[in-house]
Amino acid sequence: MSSPQKQSPREDLRLLVKLQDLDLMIREASVQQEKNLGFKIEGVSRLQEARKELARSIEPRLLKSYERLQRRYERAVVPVYRGVCLGCFMTVPIAHHQAIKSHKTVRVCENCGRILCWLGD
Amino acid sequence: MGRPMTNREFLALFEKELYIPELDAGNKQEVLEEFVELLHREERVFDKDIVLDMLLKRENLGSTALGNGLAIPHGRTLTTRKLVVAFGKCTQGLDFDAPDGKPVHLFFLIIAPYREKQDQYLPTLGKIAEFFRKKRLREKVLQVSNFEEFVDVLSSEAESA
Ligand SMILES: [Zn+2]
């Protein structure tokens, strides 16, 4: 079992986005819409295993806050686009843009508390 | 799953920049890498590694090859802003764990954000699967040599449908 190592906030955030993409994939697999289109969906348990593995690699405190946010909102990590948090659509103070852009720390939206991720301008 | 998609909307999804006349890839992973590389170069996705990881996990769920030489790798990710569709051809054919065991020649890659205003993700998937159920169309697309011909073939198919 791999234990989480100290990694950069940028890497933490990337792992978190991977986790969120994966959580969505698992959710959508269980509603079987794709099956109706002719795709074989047979590896849900494999994805759940991969999810456990991925979660173990994430810094525990960050993982906890991700999971807490996920219970509250549909997505815990949201993009910032044109200076707006795409979770609550409130403007993110300009003073914080650089910190979010550089991903030197993991920042949350002051308004809704979601974890912010910069997707380019 | 979103409203049905018109043929016009369907055709409008294809872009010259996201058309690969002949894939260089030699295996499943390389196909996905080649597409993701292109999407990143064209600034449609913001993190190659996250997108590739997502696509590989999706293949783990079950191959996105549908049989008859067609595959539609797809998935949703936070790292894109709008739905994108890329096309790539492999004349020689490539093993993609298809249900019928046949090599895949035609690849459509779909990347979508979590939820769009009009969620066209599943309708797009459905439309490609439906269109390419026709053997005649698959054979025609296999013969095209550039994007304009590709769109012509799809347009005339849409008109006759
Ligand atoms: Zn917010």
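Every number here is computed from the coordinates shown, using simple stated rules; none is lab data. This structure is a prediction, so every number in the text was calculated from the model and none was measured. Every residue, glycine as well, gets a Cβ built from its backbone with ideal geometry; the counts of neighbours run over all protein chains shown.
Charged side chains reduced to their Cβ positions (Lys and Arg at +1, Asp and Glu at -1) give the range A:9-120 a dipole of some 240 debye around its Cα centre. Left without a cysteine partner by the 4.7 Å Cβ rule in chain A: A:CYS117.
Rounded to the nearest 0.05, what FRET efficiency is calculated for B:GLU37 and B:PHE14 with R0 set to 22 Å and r the Cβ-Cβ distance?
Values: r = 19 Å, r/R0 = 0.85.
Using R0 = 22 Å, I get an efficiency of 0.70.
Couplings 3J(HN,Hα) for the range B:96-112, derived from phi with the Karplus relation 6.51 cos²θ - 1.76 cosθ + 1.60 (θ = phi - 60°), are 10, 6, 5, x, 8, x, 7, x, 9, 10, 10, 10, 10, 10, 10, 10, 10 Hz, where x marks Gly and Pro.
Among B:VAL85, B:VAL141, which comes first, second and so on when ranked by fewest other beta-carbon atoms within 10 Å? Display every interim value, and only then the final one.
Values: B:VAL85 24, B:VAL141 20.
By the 10 Å Cβ count, ascending, the order reads B:VAL141, B:VAL85.
Its DSSP H runs of at least 4 residues, each contributing -39,500 (n - 2.57), put the calculated 222 nm mean residue ellipticity of chain A at -16000 deg cm²/dmol, to the nearest 500. The charge dipole of chain B, taken about the Cα centre with unit charges on the Cβ atoms of Lys, Arg (+1) and Asp, Glu (-1), comes to about 680 debye, rounded to the nearest 20. The DSSP beta bridges internal to the range A:9-120 are antiparallel in roughly 50% of cases.
Between A:ASN111 and A:GLN33, full extension at 0.36 nm per residue minus the direct alpha carbon distance yields a gain of 24.6 nm. Scaling against 2.2 N^0.38 Å puts the C-alpha radius of gyration of chain A at 1.16. The distance between label points at A:ARG56 and A:SER8 comes to 2.6 nm (points 7 Å beyond Cα on the Cα→Cβ vector).
A dipole drawn for the range B:98-159 from +1 and -1 charges on Cβ atoms has a positive end, and of B:ALA112, B:ASN146, B:ALA129 the residue lying farthest that way is B:ALA129.
If you wrap the tightest convex hull around every Cα atom of the protein assembly as shown and split its volume per residue, you get 135 Å³. Per residue of peptide B:67-74, the mean number of Cβ atoms on other chains within 10 Å of the residue Cβ is 1. Assuming charge only on the beta carbon of Lys and Arg (+1) and of Asp and Glu (-1), the dipole of the protein assembly as shown about its Cα centre is about 1240 debye to the nearest 20. Note: relative contact order over chain B, using C-alpha pairs below 8 Å and six or more positions apart, is 26 percent. Using a cutoff of 8 angstrom between alpha carbon atoms and counting only pairs six or more residues apart, the relative contact order for chain A works out to 28 percent. Antiparallel beta bridges, as assigned by DSSP with both residues in the range B:65-161, represent about 65 percent of the total such bridges. The value obtained for the range B:80-161, namely the Cα convex hull volume divided by the number of residues, is 124 Å³ per residue.
All C-alpha to C-alpha distances of chain B, sorted into 10 Å bins beginning at zero, yield P(r) values of 10, 43, 39, 8, 0 percent in whole numbers.
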